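Heads up: the structure comes next, in structure tokens.
The values are calculated or read from the model by the stated rules, or taken from the named source; none is laboratory data. Quantities reported herein were computed from a predicted structural model and do not represent experimental measurements. Quick reminder, even Gly has a Cβ in these numbers, built from the backbone with ideal geometry, and neighbours come from all protein chains shown. Side chains are part of the model used for accessible areas, which takes the heavy atoms of the whole protein and leaves out ligands, DNA and RNA. Shrake-Rupley method; radii C 1.70, N 1.55, O 1.52, S 1.80 Å.
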Amino acid sequence: MLLWVWWSIMIEFRGRCKSKKKRIYSMLETNGEMNTSEILQDYNSRYKRGCTMNELASILGRTKHFIQVGFIEEYVRGDGVRLPARVRLAVWSVQND
């Protein structure tokens, strides 16, 4: 386990939001595959300075260390005013080099 923590520290992230990228990387490394909303909830519950969904999506999509594994489709039941809706969430993992 100590080797994995050491490896995650050695990965060098570039650009803006370096600390957020490192934290998300360590979360995905310990928990395995997670969808976008799980990552956002876990990140915002752990750290004082949270992250928005837009910021998280751009970090996950633009960083080469994260890979999109698939999708989860959920159908939300509509109430009297709104119609039922389909929610599609991306599933993310750490890319092994």
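A quick yes/no check of all residues on (1) at pLDDT 90 or above; (2) under 10 Å from the mean Cα position of the chain (by Cα); (3) assigned to a helix (DSSP H, G or I):
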site	(1), (2), (3)
Trp7	no, no, yes
Ser26	yes, no, yes
Glu29	yes, no, yes
Ser37	yes, yes, yes
Tyr75	no, no, no
Val81	no, no, no
Ala90	yes, yes, no
Asp97	no, no, no
Among the residues of the stretch 54-67, count how many are part of a strand (DSSP E or B) and open to solvent by 80 Å² or more (accessible area, probe 1.4 Å). 0
Can you confirm whether the stretch 72-91 contains a residue that is surrounded by 12 or more Cβ atoms within 10 Å (Cβ to Cβ) and within 19 Å of Lys18 (Cα to Cα)? no
